[in-house]
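The structure appears right after this line, and notes come after that.
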Amino acid sequence: MNRATENGLLGKKRDLAQTIWAGSSEKSARMNLSNLSNGKSQRIDIRAVPIICAKLGVTADYLFGISDNPTPDASRQAIADKAREIIEMTKSL
């Protein structure tokens, strides 16, 4: 969540909590988010995963600890951009 806040993707944590646990009291939603982010709760409704990923700007693989790269699409794009740059440079040789 710190990464998302630093990148301007996440405003207030309570907004994320209310989005994930819509219909719950604000206090309950905040407690659920706190428990989830602190590892005290390891269960979450699968329907919330895309919401969390979108709000935090990460992939599900990163969210679940499967990958160390939070945004592989961005890495792929950077590689593609660099490849285009190299191709353009070689055309001028």
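The values are calculated or read from the model by the stated rules, or taken from the named source; none is laboratory data. Just so it is clear, the structure is predicted and the values come from calculations on it, not from any experiment. Quick reminder, even Gly has a Cβ in these numbers, built from the backbone with ideal geometry, and neighbours come from all protein chains shown.
Here Asp15 does not fit the description of being at pLDDT below 80 and assigned to a helix (DSSP H, G or I).
Summed over region 35-93, residues that are basic (Lys, Arg) and over 13 Å from Ile20 (Cβ atoms) total 5. Across region 48-67, which residue is nearest to Lys12 (Cα to Cα) among those that are at pLDDT 85 or above and loosely packed, with under 14 Cβ neighbours inside 10 Å? It comes out as Pro50. Applying the set (1) at pLDDT 85 or above; (2) surrounded by fewer than 10 Cβ atoms within 10 Å (Cβ to Cβ) to Ser24 leaves exactly one unmet item: (2). If you go through region 68-78 and keep only what is more than 30 Å from Arg30 (Cα to Cα) and either loosely packed, with under 10 Cβ neighbours inside 10 Å or of a type in the set (S, T, N, Q) (or both), you end up with Asp73, Ser75, Gln77.
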